[in-house]
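What follows is calculated from the coordinates using simple rules that are stated; it is not laboratory data. All values reported here derive from a predicted model rather than from experimental measurement. Glycine also receives a Cβ, built like all others from the backbone with ideal geometry; neighbour counts cover every protein chain displayed.
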Amino acid sequence: MKQSMTNSTNYYFFLFLKVYALTLLLSPFVQSAFSLNELVEMYQSPQGLGMGNALTADATGYQAIFYNPAGVANQPKRKWEVNLLDLQGGLALNSVSHVWTNQSFGPDRMWGELKHHPGNYQFLNAASLPSVTVRGLSISLIGSYRFAALSDGSTIDTDLSKDVGVAFAVGRSFGGNILKLGLTTKALIRNQMKGQFSHDTLAGLNDSSFPSLFKEGWAVGFDLGMLVTLPEKFLPTLGIVWKDAFGTHFKSSNILNSQATGKPDPINQSVNAALSIHPIFSPRLKSTIALEYKHLELPHLQFRKHLHVGFQLEHIKEVYFWAGLYQLYPTAGFGYRVKGGNLELVTYAVDVGDGNENQENRRFSFRYTISF
């Protein structure tokens, strides 16, 4: 029996290595994912951000839809995760004063403020993702808003996206839970304002003409994920995910914005690989240590921008402490999860520098749910 388990472990371990090697061979043909010199991801959870965004090998529940769909196969049997209300948001530290001054998150209210503060990278986002998860299946509604901008005093470079849609993931286990495979399918409608705009042009717009700067489209995208968990001490786990396989390409629409012309930029594919272990200190105190290398498809990217390191300390599945390195910038946070709702707060930073230049953009993020 032991020999059979060992042979099975070796088989799936070398299967993972073959897929990993194939990914490296294909990486030169994969497009980049830059926007304002920031590597953009459609969704990042507070837990993931608190752990340095190193969650590909450990995402479970609704998070697995967006990090690695194979993770939905880790949901405990006969246990449902239902988030009736899910509110999330994030804000760059240097954006707080601008939002407070304008008493608004709306970008059309902030153009003038940004013009008078050139050189400051601005970021804010908000999302709502009510979801239902059972073992092997997770579905989530998507409503998100993301705003990033950088002004030089005369023009502003911005990426503003509003998304609505639905995503679901399926995952299955094989070989005695050693191998897990998963697929995410997401259908999106995106209303996007992206590019460089003159402050003088923006100043001449009002609430009714502002939507004409947007492009709108709908798209269907797919993510493929895999987990290999060895039945050894600390359960070492290898995770790999191919997000937006072959790119998620939009077709023009006017469902949300009747004034939109053109279609949004595609969401470029990306490949992430991770390794994690899970030391147990006591029946009430468990931990996770994760190392992740993101964007294998960008071999010329500066090394630190690939690197993500995370740590989680879990106390009786209620209190969580997170720490990590997001592109070598420190992250930290905590979560309180009980029946009836969750509260999660984190701080993290993203590198928004151009090329080999490093520029830190410190942010805060939260998540509040009513769930059972």
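So which lysines can Lys317 reach, going by Cα to Cα under 24 Å and dropping same-chain residues fewer than 8 places off?
In chain and number order, the partners are Lys77, Lys79, Lys180, Lys233, Lys286, Lys339.
Could you give the length gained by full extension between Leu235 and Ser208, i.e. 0.36 nm per residue of separation minus their alpha carbon distance, to one decimal place?
Length gained between Leu235 and Ser208: 4.1 nm.
Can you work out the PRE-style zone for Asp200? Point 7 Å along Cα to Cβ, and I want the residues of the stretch 141-165 with backbone N under 20 Å.
151-158
If I stretch the segment between Leu85 and Asn356 completely, what's the gain in nm (0.36 nm per residue apart, minus their alpha carbon distance), one decimal?
Between Leu85 and Asn356, full extension yields 93.5 nm more.
Project the alpha carbons of the stretch 265-372 onto their principal axes and report the range along each, largest first, in whole Å.
44, 29, 25
State the extension gain, in nm to one decimal, for the chain segment bounded by Leu141 and Arg284, taking 0.36 nm per residue of separation less the distance between their alpha-carbons.
Result: 48.1 nm gained on full extension.
Enumerate the calculated ³J(HN,Hα) couplings along the stretch 197-208 in order (Karplus 6.51 cos²θ - 1.76 cosθ + 1.60, θ = phi - 60°), each rounded to whole Hz, writing x wherever the residue is Gly or Pro.
9, 6, 4, 5, 5, 5, 5, x, 9, 10, 4, 7
Can you give the alpha-carbon Rg of the chain over 2.2 N^0.38 Å, where N counts its residues?
Relative to the 2.2 N^0.38 Å estimate, the chain comes out at 1.00.
In Å and whole numbers, how far do the C-alpha atoms of the stretch 109-214 stretch along each principal axis, longest first?
Largest to smallest, the principal-axis extents are 62, 29, 18 Å.
How far is it, in nm, from the label point at His315 to the one at Asn254 when both lie 7 Å from their Cα along the line to the Cβ?
5.7
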